[in-house]
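Here's the structure we're looking at; comments come further down.
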Amino acid sequence: MIDMHLPILLIVIPLVAAPLCVLLRQKTLVWAFTSLVCLAALCMASMLLIRVLEEGVVSYAIGGWIAPWGIEYRVDTINAFVLLLVSIIAAVLTFFALPSVADEISGKQHYLFYTAYLLCLTGLMGITITGDAFNVFVFLEISSLSSYTLIAMGRDRRALTASYQYLLMGTLGATFIVIGIGLMYMMTGTLNMFDLSQRLPAMFETRTAMVAFAFLTVGMLIKLAMFPLHMWLPNAYCYAPSVVTAFLAATATKVSIYVFLRFTFTVWGAEFVFEKLNLDVFLIPLSLIGIYVASLSAIYQTNIKRLLAYSSVAQIGYMMLGIGFVSLAGLTGGIVHLFNHALMKAALFLAVGCVVLRLGSSDLADWKGLGRRMPVTMAAFVLAGLSLIGVPLTVGFISKWYLILAALEAGWWPIALLALLSSLLAVVYMWRVVEVAYFQKADDDLNVKEAPLMMQISMWVLTGATVYFGIQTDLTVNVAQRAAGLLLGVMP
Amino acid sequence: MTVGLLNDWACMVLMMIGLYTVIARPNLVKKLIGLSIFQVSVFLLYISMGKVSGGTAPILSEGIEVYSNPLPHVLILTAIVVGIATLSLGLALVVRIGEAYDTIEEDEIIERDLVND
Amino acid sequence: MKHQSIPRVVGKWLIPPILLFALYVQFHGDFGPGGGFQAGVIFAAAVVLYALIFGLQAAKQIVKPRIIETLVALGVLLYAGTGLISLFLGYNFLDYTALDPDSAPHGQHLGIFLVELGVGITVAAVMIAIFFAFAGRRRLR
């Protein structure tokens, strides 16, 4: 029975667990329950991916109403992959959460934190799994509203303004998406994505189609923090509690990128978007400018969380660059980078979280001599940082390799060169942290211990994954290749 | 023809008023009001597309053949709920910001953050 | 407003019909306009009116914040639980036919009824919770 209902259980179990957390209330109990649910979600997501790889598309009709009339959950290789990513991150982070949340959030709010965490997870997985355009918006708002709450739980008062800013931008983005979906519904009379993809081509010549696409795209680009619509991101990541930063950095923007892929390639079709409207003409230069501007901003940051947040904006540039090539290699690179970047950014933010627990600060100036004080944490930070730069034998190398391959394949060697040179900027900003941590002496001689074991475990699982998937690339690259083939309508 | 597009025009005007308010007003509450107007304009867009000329409210009763399309109504019911949630969360944030900063004017908040750094 | 007799008397007269009307909108939702969302808001409006007239403390004694919080969760659970029951009975999630396989319309009717009840409880509780949260804050200087 479980096998048949996998797609819905994946969403309903975290959804039911969230109100149960409110009823349970007791701190440790709620935490244990949340971790159990996240682990269950991870198991189900893996089962789902295996099933999709074996059998192809899995479809589930909610309430027994068959698509296109009812809401359909439709799982293929791409969203099964993203679901797995989201559930891995959620499950690994719960171990980190117990000590970190106890430190950063007041005891009375713990159960509310876990409720919001589970709701955010539900929303993110719901966006990914659904095959209904309006349902995307509903889940988008579930995840967004809970992430505003999570961000506002940060200790600094600037967390509140950051959350407010994100709320404005996020709601504008989501409303743009609804307008786009509304216009699509107006033209075709359907909301099912697959059905839309069948009916939209007849409307491509109308102005409504273009307006709908424009609203939809701008909305999605705000949500995924594409340069120059990324202004909400650095503050939101900087002042949120450590767990939340890691969770959002690894999942929220990635899921938005998935939505972008789904709408541009599956619903509208690459032909309309890239040949008729030439979106790539905007996408590629904007991605490149985004990579450079965000990396340069990262170099000048004095707060490490903010530095990493700017680096996230730059990395989103790489993913969008890959998508902009509209080729098998480019999309593979983009999708692999989506997965890989989630792993390494989560690992980096967790390392920062460990330091914040002990030092209470993520200011670069306070990190002097940390290489000696917290050697294990800093080792993880450096390893994940190497991956961010794209050193061979780490995941970062794999994704950049495919991106550059795609650029060369298309004959755009200047872009390949620019993408390669931009890695140097990553070297610069990572080096600034390493220099302070390893080559400067601490001002005081306080005794700083390593972070608790549970936090270390989470951090090292993710750091280990960045190395493992850098060497053992079969899983990620193969799945990404199949996903890219599916999006482009060609089988690799 | 012009009357037929009246709703769309109203929707666009409301949308722009809302968007402008969000961008131009420094007061955080006014920004939220703008955001609400912006969202409401979309409700109008959806509801008008559900109208079938000559149709009545979509409630089953004797002797009525033509109904308006109820689906957009249902969709917008969801969007209204989302709008309420967003607005109250936003207002809650503004209350907390007001308590933490003693002001809800954006420029003053930025000023106070700069002083702290 | 506790000491002003007109609002107090009018309020006392109005609150019971408002509550009754909320229940009407809730349970008549399958035949006419109405349903959980509207009923929940109307129900909450009665409590809000009571709080405006007799003060927040008095309202909090009638509907305790802790109970409100529980009701928010219970409403969602009732909704999702209805879906899960049909799932356990071998149908798809939220397929109300499962509730009465012999007559599908009756099953659908029952399903909608339970789901709307869940929606109504949650919406009413959330609206009251939002009101309490804002009204409970002290005024800015």
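The values are calculated or read from the model by the stated rules, or taken from the named source; none is laboratory data. Computed from a predicted model, the values in this text were never measured in an experiment. Neighbour counts run over all protein chains shown; Cβ positions are idealised from the backbone, glycine included.
All of (1) within 13 Å of chain A (Cβ to nearest Cβ); (2) assigned to a helix (DSSP H, G or I) hold for C:Pro101 with one exception: (2).
Somewhere in region C:35-48, is a residue in a loop (DSSP other than H, G, I, E, B) and crowded, with 17+ Cβ neighbours inside 10 Å?
Going residue by residue through region C:35-48, those that are in a loop (DSSP other than H, G, I, E, B) are C:35.
Pick out the ones that are also crowded, with 17+ Cβ neighbours inside 10 Å and you get C:35.
The answer is yes; a qualifying residue exists.
Before we move on, is C:Leu14 of a type outside the set (Ser, Thr, Tyr) and under 26 Å from A:Leu6 (Cβ atoms)?
Numbers: of a type outside the set (Ser, Thr, Tyr): yes; under 26 Å from A:Leu6 (Cβ atoms): no.
No, not satisfied.
Residues that are in contact with a Ser or Thr (Cβ under 9 Å, 6 or more places away or on another chain), touching a residue at least 12 places away in the same chain (Cβ under 8 Å) and within 13 Å of chain C (Cβ to nearest Cβ) within region A:21-46 comprise A:Cys21, A:Val22, A:Val30, listed in sequence order. In region A:264-282, the residues that are at pLDDT 85 or above and of a type in the set (S, T, N, Q) reach residues that are surrounded by fewer than 19 Cβ atoms within 10 Å (Cβ to Cβ) and assigned to a helix (DSSP H, G or I) with C-beta atoms within less than 6 angstrom, at least six apart or across chains, in these pairs: A:Thr266/A:Ser197. Of the residues A:Leu221, A:Leu167, the single one that is within 22 Å of the chain's Cα centre (by Cα), more than 9 Å from chain B (Cβ to nearest Cβ) and at pLDDT 90 or above is A:Leu221. The set of residues from region C:86-95 being at negative phi and either surrounded by fewer than 17 Cβ atoms within 10 Å (Cβ to Cβ) or within 7 Å of chain A (Cβ to nearest Cβ) (or both) comprises C:Leu87, C:Phe88, C:Leu89, C:Tyr91, C:Asn92, C:Phe93, C:Asp95. So, A:Phe194, is that one touching a residue at least 24 places away in the same chain (Cβ under 8 Å) and either facing chain B (nearest Cβ under 10 Å) or out of contact with any strand residue (DSSP E or B) (no Cβ under 9 Å at 6 or more places or on another chain) (or both) or not? So A:Phe194 does not fit the description; no. With respect to (1) within 25 Å of C:Phe132 (Cβ to Cβ); (2) touching a strand residue (DSSP E or B) at 6+ places or on another chain (Cβ under 6 Å), the lone exception for B:Ile84 is condition (2). Being closer than 19 Å to A:Ala246 by Cβ, among the small types (Gly, Ala, Ser) and assigned to a helix (DSSP H, G or I) is a description that does not apply to A:Ala329.
Filter region A:42-64 down to the residues that are in a helix (DSSP H, G or I) and farther than 21 Å from A:Ala480 by Cα and list them by number. Talk me through it step by step, then tell me what you get.
Keep residues of region A:42-64 that are in a helix (DSSP H, G or I), which gives A:42-55, A:62-64.
Across region A:42-64, the qualifying residues are A:Ile62, A:Gly63, A:Gly64.
Taking residues in region C:113-133 that are within 10 Å of chain B (Cβ to nearest Cβ), and partners anywhere that are not acidic (Asp, Glu) and not in a helix (DSSP H, G or I), the pairs with Cβ atoms closer than 9 Å and at least 6 places apart or on different chains are C:Val119/C:Gly35. Candidates are the residues of region C:73-85 that are at the interface with another protein chain (Cβ under 7 Å from one of its Cβ atoms) and within 10 Å of A:Pro19 (Cβ to Cβ); the one that is farthest from the chain's Cα centre (by Cα) is C:Ala80. Taking into account only those residues within region B:35-53 that are of a type in the set (A, V, I, L, M, F, W, C) and at the interface with chain A (Cβ under 7 Å from one of its Cβ atoms), which is nearest to B:Tyr67 (Cα to Cα)? If we take residues in region B:35-53 being of a type in the set (A, V, I, L, M, F, W, C) and at the interface with chain A (Cβ under 7 Å from one of its Cβ atoms), then B:Met49 is nearest to B:Tyr67 (Cα to Cα).
Please tell me if A:Leu296 is in contact (Cβ under 8 Å) with a residue 40 or more places away in the chain, touching a Gly at 6+ places or on another chain (Cβ under 7 Å) and surrounded by fewer than 24 Cβ atoms within 10 Å (Cβ to Cβ). Considered against the rule, which asks whether it is in contact (Cβ under 8 Å) with a residue 40 or more places away in the chain, touching a Gly at 6+ places or on another chain (Cβ under 7 Å) and surrounded by fewer than 24 Cβ atoms within 10 Å (Cβ to Cβ), A:Leu296 comes out as no.
Would you check if there is a residue in region A:65-76 being in a helix (DSSP H, G or I) and either on the phi > 0 side of the Ramachandran plot or not basic (Lys, Arg) (or both)? Within region A:65-76 (the criterion being in a helix (DSSP H, G or I) and either on the phi > 0 side of the Ramachandran plot or not basic (Lys, Arg) (or both)), the answer is no, since none of the residues qualifies.
Per the listing A:Val281, A:Val313, A:Val273, A:Val267, the residue uniquely out of contact with any Asp or Glu (no Cβ under 7 Å at 6 or more places or on another chain) and under 26 Å from A:Val382 (Cα atoms) is A:Val313.
Kindly provide the set of residues from region C:49-87 that are outside any helix (DSSP H, G or I) and without any contact (Cβ under 8 Å) to a residue 12 or more places away in the chain, ordered by number.
So the first thing to find is which residues in region C:49-87 are outside any helix (DSSP H, G or I), and the list is C:55, C:63-64.
Across region C:49-87, the qualifying residue is only C:Lys64.
I need a count of the residues in region A:105-117 that are aliphatic (A, V, I, L, M) and within 16 Å of the chain's Cα centre (by Cα). Within region A:105-117, residues that are aliphatic (A, V, I, L, M) and within 16 Å of the chain's Cα centre (by Cα) number 0.
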